[in-house]
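What follows is a set of notes on a single structure, which appears directly below.
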Amino acid sequence: MSRPAADAQVSGWVYQMVISSMTFVPRLQGVRVFGKQYIPLEGPVILAGNHQTNFDPFLSALGTRRFIHYMTKKELFDNPVFSKIMTAGGSFAVDRSKNDIGAIRKALEVLKGDGVLGIFPQGTRGGQEPLDGVAYLALKAKAIIIPMSILRHKGRWEIRYGVPILPEGKLKELTEKVMASIADLNKMTLEQ
């Protein structure tokens, strides 16, 4: 597994322990992963996917040996024990009610350190209008975007990673391109 971004509170050991424990959760057994080859082994990467359940960050980590830092809604950090585990696992809080400059800086720090950042462009489970955050961060940090689909289909979880999207163009265009790619990946799973 790749190393996490330099941060005294982040622990690769805790991250690996949490991810490994997911294989014992009955609902997460038999996960199928497609497109692992699209995730670069080095350099800044943004994993951008649909968001259906609280398991999504853990499921996405099953498809790569790289350490993923997740931008996570600040409300999940209210529980002090859970907060310590999440922070040690590389997640950091974002206030979704405003432009959270601190979270944006942290995300750029991860990417500029050649790390992997996980984001759900719609900002919440179940979907809403996608935000331009993924495109903004990709353009600013020159990070490759890997579209990702996480769906439970026919009683089994399937994770699909798509063809890398280069950080180029305008915010809206890049956001639309990412969302179209995620939709295509979702469709591939549902048509099986």
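Considering each residue of the range 132-141 in turn, none proves to be out of contact with any Lys or Arg (no Cβ under 8 Å at 6 or more places or on another chain), loosely packed, with under 15 Cβ neighbours inside 10 Å and hydrophobic (A, V, I, L, M, F, W, C).
Among the residues making up the range 36-59, those that are at pLDDT below 80 and either more than 15 Å from Ile150 (Cβ to Cβ) or not charged (D, E, K, R) (or both) are His51, Gln52, Thr53, Asn54, Phe55, Pro57, Phe58, Leu59. Selection of first residues in the range 90-115 that are among the basic types (Lys, Arg) and of second residues that are modelled with pLDDT under 90, restricted to Cβ pairs under 7 Å at least 6 apart or on distinct chains, gives the following pairs, ordered by first then second residue: Arg96/Lys73; Arg96/Gly123; Lys106/Phe92.
Would you confirm whether any residue within the range 133-144 is at pLDDT 85 or above and closer than 19 Å to Thr64 by Cα? Within the range 133-144 (the criterion being at pLDDT 85 or above and closer than 19 Å to Thr64 by Cα), the answer is yes, since at least one residue qualifies.
Beta carbons closer than 6 Å, at least 6 apart along the sequence or on distinct chains, pair a first residue in the range 151-162 that is more than 15 Å from His51 (Cα to Cα) with a second that is crowded, with 19+ Cβ neighbours inside 10 Å for Gly162/Pro147; Gly162/Ser181; Gly162/Leu185. Here Pro164 meets each of (1) closer than 20 Å to Ala107 by Cβ; (2) at pLDDT 95 or above; (3) surrounded by 21 or more Cβ atoms within 10 Å (Cβ to Cβ) with one exception, condition (3).
Name the single residue, out of those in the range 63-113 being in contact with a Ser or Thr (Cβ under 6 Å, 6 or more places away or on another chain) and among the hydroxyl-bearing types (Ser, Thr, Tyr), that is farthest from Ala135 (Cα to Cα). Checked the range 63-113; the qualifying residue farthest from Ala135 (Cα to Cα) is Ser91. Applying the set (1) of a type outside the set (Ser, Thr, Tyr); (2) part of a strand (DSSP E or B); (3) farther than 22 Å from Pro57 by Cβ to Leu174 leaves exactly one unmet item: (2). Looking across the range 57-110 at every residue that is among the basic types (Lys, Arg) and assigned to a loop (DSSP other than H, G, I, E, B), the one that is surrounded by the fewest Cβ atoms within 10 Å (Cβ to Cβ) is identified as Lys98.
The values are calculated or read from the model by the stated rules, or taken from the named source; none is laboratory data. These figures come from a predicted structure and were not determined experimentally. Here the Cβ is made from the backbone with ideal geometry for all residues, glycine too, and neighbour counts use every protein chain on show.
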